[in-house]
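Q: Handing you this structure, nothing more for now.
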Amino acid sequence: MPDPRPIAVQVTVTVTALVYPEPEAGGFSAAVPALPGCYTEGETLDEVRDNLKEAAEAWLAAAHDHSAGAPRKEGAA
C-alpha cells in the first residue's frame, strides 16, 4: 500500500457552549462540554462568543496536532 498523502480539509463545526454569569467578578465564563478543558470568559456576551470561537479553534488545532503524531489504528479512516 502506498504512503498516504495528507490533505487539508476545511470544515465548519457548530458546538454548544454553556455560559455562566459571574455576578461577583462581572462578565461571564463559558465552557464547551464537547471539548474537555475548553473554557473562556468575557465582559459581554458578544466578547464571550468571540472568545469561545477562538478557544474552540485553538482546542481543535491542538487536538489535530497531537493526533497527527500518534500512530493510527489499522482500519481507521
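The values are calculated or read from the model by the stated rules, or taken from the named source; none is laboratory data. Computed from a prediction, not measured in an experiment: that's the story for all the values here. Counting neighbours? That spans all protein chains shown, and the Cβs are built from the backbone with ideal geometry, glycine included.
Q: Restricting the range 25-61 to residues that are over 13 Å from the mean Cα position of the chain (by Cα) and of a type in the set (A, V, I, L, M, F, W, C), which is farthest from Val9 (Cα to Cα)?
A: This residue is Ala25.
Q: Something else about it: Going by the conditions given, is Val9 surrounded by 10 or more Cβ atoms within 10 Å (Cβ to Cβ), modelled with pLDDT under 95, β-branched (Val, Ile, Thr) and part of a loop (DSSP other than H, G, I, E, B)?
A: no
Q: Among the residues of the range 21-31, which ones are surrounded by 12 or more Cβ atoms within 10 Å (Cβ to Cβ), out of contact with any Leu (no Cβ under 7 Å at 6 or more places or on another chain) and not small (Gly, Ala, Ser)?
A: Within the range 21-31, just Glu22 meets the criteria.
Q: Restricting the range 1-24 to residues that are over 24 Å from the mean Cα position of the chain (by Cα) and of a type in the set (D, E, K, R), which is nearest to Glu43 (Cα to Cα)?
A: It comes out as Glu24.
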